[in-house]
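Since the structure comes first, as structure tokens, the remarks are kept for the end.
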Amino acid sequence: MTGAALLGRLGWQSLAFVRAWQDPSLNTLIAAGAAALVVIGAVAVVALITLRGQWRRLWREWFTSLDHKKIGIMYVALSFVMLARALAEAVLMRLQQATAINAPGVVDAEHFAQLFSTHGTIMIFFMAMPFLTGLINYVLPLQIGARDVSFPLLNAISLWLTAAAAGLMMASLVVGRFSTGGWSGYPPFTETGFSPGVGPDYWIWAVTLGSIGSTLTGLNFATTIYKKRCTGMTVMRMPLFVWTSLCTSILMIFSMPALTVATALLALDRYLGFHFFTNALGGNMMNYANLFWLFGHPEVYVLILPAFGIYSEVVSTFSTKELYGYASLAIATIAIAVLSFTVWVHHFFTMGQSANINAVFGIATMAIGVPTGVKIYNWIWTMFRGEVRFTVPLLYALAFMMTFVLGGLTGIILAFPPLDYLVHNTLFLVAHFHNMLIPGLLYGLLAGYHYWFPKAFGFRLDERWGRVSFACWVVGFYLAFMPLYVLGAAGMARRSSEVLEPAFRPWLLVAGAGALVLAAALAALFVQLWVSVRHRRANVVPAGDPWDGRALEWSVSAPPPEYNFAVLPHVAGRDPFHDAKRKGTAYAEPVRYAPIEMPRNSAVGPILGALGGWAAFALVWQIWWLAAATVIGMIATVIARSFVRDVERTIPAETVARIERDWHETLARSAPTTRDFETTAINRGLAQVLA
Amino acid sequence: MSDPNRGRAAEIATYGIGYGAALALTALAFGLVSWAPFAASTTVRIVLGLGLVQIVVQFRCFLHITLRKSARHDLQLILFSALIIGLMVSGTLVVLLNLHHRMM
Amino acid sequence: MSAGDAMHPGLNLGQTDAETHARAGHDLFGFWIFLMSDAVLFALLFATYGVMLRGTAGGPGPADVYKLLTAFVETVVLLTSSFTFGMASISLKHARGIAPITAWLGVTLALGLAFLAMEYNDLATMVGDGAVPARSGFLSSFHALISLHGLHVLAGCLWIVVMLVQLCVFGRDGRVKINMLRLGLFWHFLDIVWVAIFSVVFLQGLAR
Ligand code: HEM
Ligand SMILES: [Cu+2]
């Protein structure tokens, strides 16, 4: 076999280290440093696990687990790793723009282009999506009183496909170069004529793998919500987070295919010489823009809706009040979901369609602001005259409300086509969408992380470091992005690796400082985790209800048993656990425990993930034998699995009884906490109920 | 009609009716194109109409989608999908054909 | 809900197997959602085809490459396979042994393969005549749409083979039944997509 048949396009030159060795410059050294971080990080993790002899345990209890709670935790862990990388890249970009004012700066133009492409791709597909999928995974079954999602194995497969795609993003740092086509990957630039290297292929396959995972996740969640709600939980009694999860899932199911079509057709162009988006022979790149944004716009609501759900839960819990205007919130969520399919053209107002078409889509875009505004009022009215407790999650909710409204206002400016003509493709747009996504997504997910962490791990997160981190996220955001509005309005183009206008310098310096504060915010988050783990004994909440919660997830121990509920609950209202506590029926012990059937662990998820990851890698480097072998391997795995009949495992009634009695003993030993001591060591997770 | 306990003969009959109707609709559509009794644009319109009817027939007879209450979730899903597909396809055609027109 | 209600699209087991019937209501809903997502995929390829119809770039156009007769035969073959699958579902529900089921499945498989062979022959002829996807945007979109449907049929055929083996190994157990019901939805769905293909692609392209 010749080398090309064996290794495709892969060669020594593909390695970032070799490039830095042959041509040492600040630019290549930064690239090699990033690659070294990936390699050293991976080696360190592997070594640590091996030294501690934890492989077997990890494999048995985590990797092969089908438990929605563990899968959820793994998703969130993945998203934190990816957040760290993408944030580092953001800081580097800000550094570049602040230093490259009529000067070369730290990285060259091609490297800068890779930075914004990976930053955007990772933030959307490998930070935001896994984070929200992880939280929904963890919380959804608990909130609807179910033992797991509808298809636990499929859930694991989605996780591992997503992880494989994230792995591919990491591999692109070490071998080869990533795309320079931005997160949207527009052809014809990403066609072979202009980008002959592997970059766009990395982008195509990472995104495709991830979007398949998300489609499967969406259908899994939607089925779970439709079919697995506990008795009595009618649609209008679902917690709001379940509502937003449902709408997010529906958006995933119907919008992800558009992305898959866009990337698949681009792949056909690149690999087989088709002419979908080329300049010649009847290709039309506008078709790509159209397909991409058919996905892209619903996607932003996929990202934002779960955060809306989290804010609803958080605001209501920490105001000790029923959510104001539940029905209107639910209806607004549905309205946003449907409307989000009618506005995609606003992403390319300037590409030449007639003014009438732009007008229609501009008006539709402004219309989406209405249900969103409704929600903001609902949250405000929920807090009105409530006993508001300013815990970390609530602080995030407040910062969100103020900041998000600002972003919404600039959105209305962009929705107006004549104005969009002036500021499109400038930093004004970059400021706008970060102004939506950071409060509307990141703050929300972080609020959810703080809110549900005690449920998942049995102890609270350190409150002080939480506040430090919160302050940094907020201050950093304003410093980093408000200047971009000014710069954008002054005409500075986005994706610029060099700046020719010295007057921009002060603004760019402020934005750079803001990025550093944001980096500090993430660091504070990690410190918080470290401190909280060290002091976990002081902060345990085994009884399970640290915040005087309202929905069913708080009615079980923290962490919950693997079967979630010893007896599946019946509900008769909207805030079932809140009501049960007031009626004194919470924590009632059942007369008898029954055995519980749970899915057995399965290696199919990790196997499919590994094969999928290698298949993608092989396609990127055109190693055809490997691609064929791994794809056949995936099909064979699925078929083999369909022959496995022993897929369930029974937890005997005695085991259930023992676990539950232990918990009830803990409950009996715990002193109820009033809300004043919620964030102190007194809080053991049993809420003092006042009438 | 989509009562799951109607018995075997009735079920076979449903598939049979569906098969017959689909065959007839197919033959009609192909026949119209083959013998071209109408102008091309009229033919296309009729053919697309017949295709739509056949899709409904197949949904009804092969997939047993009905208006019964117990089958509502599935029907809702189809209608919602039809709405989204309609939005996406018609939007795509309008926008891109408009662009095409303006580039000529 | 009881065994007297329809719980999912496609043939329902009802009282012939109340337990599996109840589970199918849950399991098939997920698959039904998947099919709807797949439908969006096809719909977007149709839209792409519509947009690229004029992008022939001086190469062959629809009327030059489509053939009415083979399209008709392929349609009848696929439609018949949808009917025979229906018969397989009915035997799955009512028959005692597995023989009638495997027989009907075998017929369906044969028809599916015949369809694929004819389609392959069509595409090969086109390629031989120079109507390759790389020739023009129009041909790209045509080949992509037809091949995607073809790949689905191929996957369906593979699935039928797996089902035949499972029927022999496990008989008519609950999971085999549910998988058969899923496969049924998939197979009928492919025929529905084909209706759209022959109407929008072939007949529209050949209408004079
Ligand atoms: C947390 C602090 C963040 C900072 C400092 C930051 C910074 C930046 C910078 C400097 C750019 C390039 C702007 C340009 O084109 O000149 C950028 C682009 C982008 N960011 Fe962020 N970002 C942050 C968070 C996020 C988050 C949370 C998301 C999404 C969930 C996100 C999504 C994007 C996207 C999609 C792009 C566009 C990439 C492209 O041009 O293709 N960012 N960001
Ligand atoms: Cu948008």
For this session: For a footprinting-style exposure proxy, rank C:L116, A:L608, C:L139 by other Cβ within 10 Å, fewest first.
Result: C:L116, A:L608, C:L139
Seminar exercise, completed: For chain A, the longest principal axis of the Cα atoms and the Cα long axis of helix A:326-339 enclose an angle in degrees, to the nearest 10, of 20 degrees
Exercise. Based on the Cβ-Cβ distance of B:L67 and C:E19, what FRET efficiency does E = 1/(1 + (r/R0)^6) give at R0 = 41 Å, to the nearest 0.05?
Worked result: 0.90
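How large is Rg over Rh for the range A:115-176, taking Rg from the Cα atoms and Rh as the Kirkwood inverse mean of 1/r across Cα pairs?
1.10
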Exercise. Could you give the distance between the Cα centres of the range A:1-67 and the range A:312-384, to the whole Å?
Worked result: 43 Å
Problem set entry | the range A:603-632 versus the range C:49-117: alpha-carbon centroid distance in Å | 31 Å
Seminar exercise, completed: Computed over all unlike Cα pairs, the Kirkwood hydrodynamic radius of the range C:28-102 in Å stands at 16.3 Å
Exercise. Given the range A:63-199 reduced to its alpha-carbon atoms as identical point scatterers, what log10 I(q)/I(0) does the Debye formula return at q = 0.12 Å⁻¹?
Worked result: -0.58
Problem set entry | Simple spin-label estimate for C:A95 and A:D646 in nanometres, 7 Å along Cα-Cβ | 3.1 nm
Exercise. How many percent of Cα pairs in the range B:43-104 exceed 17 Å?
Worked result: 60 percent
For this session: Please work out, to two decimal places, the log10 of the ratio I(q)/I(0) at q = 0.08, 0.12, 0.13 Å⁻¹ from a Debye calculation in which every Cα of chain C carries one identical scatterer.
Result: -0.33, -0.67, -0.75
For this session: Treat the range A:492-626 as a sphere of radius equal to its Kirkwood radius over Cα pairs and apply Stokes-Einstein at 10 °C in a medium of 1.306 mPa s; give the translational diffusion coefficient in µm²/s, rounded to a whole number.
Result: 73 µm²/s
For this session: Just need log10 I(q)/I(0) for the range A:562-691 at q = 0.14, 0.21 Å⁻¹, Debye formula, equal scatterers on the alpha-carbon atoms, no solvent, rounded to two decimals.
Result: -0.81, -1.23
Exercise. Using the reciprocal of the averaged 1/r over all distinct C-alpha pairs, how large is the Kirkwood radius of the range C:1-64 in Å?
Worked result: 14.9 Å
Exercise. By count of other Cβ within 10 Å, fewest leading, how are A:W243, A:W625, A:W465 ordered?
Worked result: A:W625, A:W465, A:W243
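Take every Cα pair under 8 Å in the range C:3-207 that's 6+ residues apart, average their separations, divide by the length, and report that relative contact order as a whole percent.
For the range C:3-207, the relative contact order is 31 percent.
So if R0 is 60 Å, what FRET efficiency would A:N356 and A:A47 give, r being the distance between their Cβ atoms, rounded to the nearest 0.05?
About 0.45, to the nearest 0.05.
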Exercise. If you take the Cα Rg of chain A and divide it by 2.2 N^0.38 Å, with N the number of residues, what do you get?
Worked result: 0.96
Problem set entry | Helix A:392-414 vs. chain A, principal-axis angle (Cα, 0 to 90°, nearest 10) | 40 degrees
Exercise. With the Cα gyration tensor of the range C:151-190 giving a ≥ b ≥ c as the square roots of its eigenvalues, does the rule (a/c under 1.5 for rounded; else a/b larger than b/c for prolate; else oblate) give rounded, prolate or oblate?
Worked result: oblate
For this session: Calculate the translational D of the range A:32-132 in whole µm² s⁻¹ from Stokes-Einstein, where the hydrodynamic radius comes from the Kirkwood formula applied to all Cα pairs, the temperature is 10 °C and the viscosity 1.306 mPa s.
Result: 100 µm²/s
Exercise. Is the shape of chain B best called rounded, prolate or oblate, per the rule: a/c under 1.5 gives rounded, else a/b larger than b/c gives prolate, else oblate, with a ≥ b ≥ c the square roots of the Cα gyration tensor eigenvalues?
Worked result: oblate
Problem set entry | Qualifying trypsin sites (Lys or Arg not before Pro) for the range C:16-97 [loop in DSSP, other Cβ within 10 Å: at most 16] | C:R54, C:K67, C:R96
For this session: For helix C:68-94, report the angle its Cα long axis makes with the longest principal axis of the Cα atoms of chain C; keep it between 0 and 90° and round to the nearest 10°.
Result: 10 degrees
Seminar exercise, completed: The exposure ranking of A:V315, A:V235, A:V388, fewest beta-carbon neighbours within 10 Å first, is A:V235, A:V388, A:V315
Exercise. Given the C-alpha centroids of the range B:49-104 and the range A:111-132, what is the distance between them in whole angstrom?
Worked result: 34 Å
For this session: Just flag the trypsin sites (Lys or Arg not before Pro) in the range A:367-444 sitting in loop per DSSP whose Cβ has no more than 11 other Cβ atoms within 10 Å.
Result: A:R385
For this session: Per DSSP H run of at least 4 residues, take -39500 (n - 2.57); add these up for chain A, divide by its residues and hand me the 222 nm value, nearest 500 deg cm²/dmol.
Result: -21500 deg cm²/dmol
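Read the figures in this text as sums done on the coordinates, not as results from a lab. All of these numbers come straight from a predicted model, not from anything done at the bench. With ideal geometry, Cβ positions are generated from the backbone for all residues, glycine too; neighbour counts draw on all protein chains shown.
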